[in-house]
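Heads up: the structure comes next, in structure tokens.
The values are calculated or read from the model by the stated rules, or taken from the named source; none is laboratory data. Source: prediction; values computed, not measured. With ideal geometry, Cβ positions are generated from the backbone for all residues, glycine too; neighbour counts draw on all protein chains shown.
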Amino acid sequence: MLFTSIEITYRGKTKQISNVVIDTGALHSLLTQDCVDEIGIRISGEDEIVTSYGIGGKETFFCKESGQSRGRRILH
């Protein structure tokens, strides 16, 4: 598995999220609302709503441009 830390900046607020698992074969990577709520990332009327289907079932989520993100890879 590929673990990484990511840093997301949204409207001038930055948050570091550690121990994120990246599925390199997946089309999307998702973050829970709890992870990004404190920097103000919330659904709004301009956001694209996407439904993704895979082995684990169906997920519905919204897409938002964060403006800036950085990651560091850690292999486990």
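Every test in (1) more than 15 Å from K64 (Cβ to Cβ); (2) modelled with pLDDT under 90 is passed by S18 save one, and that test is (2). Considering only residues in the stretch 55-68 that are over 13 Å from L30 (Cα atoms) and in a strand (DSSP E or B), the one that is modelled with the lowest pLDDT turns out to be Q68. Taking the criterion of being over 21 Å from E59 (Cβ atoms) and loosely packed, with under 12 Cβ neighbours inside 10 Å, the residues of the stretch 1-18 that qualify are R11, G12, Q16, S18. Looking at V36, V21, just one residue is among the β-branched types (V, I, T), surrounded by 12 or more Cβ atoms within 10 Å (Cβ to Cβ) and either outside any loop (DSSP other than H, G, I, E, B) or free of Cβ contacts under 8 Å to residues at least 12 places away in the same chain (or both), and that residue is V36. T24 falls short of the stated requirement of being modelled with pLDDT of 85 or more and of a type outside the set (K, R).
Every listed requirement among (1) basic (K, R); (2) part of a loop (DSSP other than H, G, I, E, B); (3) touching an Asp or Glu at 6+ places or on another chain (Cβ under 8 Å) is met by R42 save one, (3).
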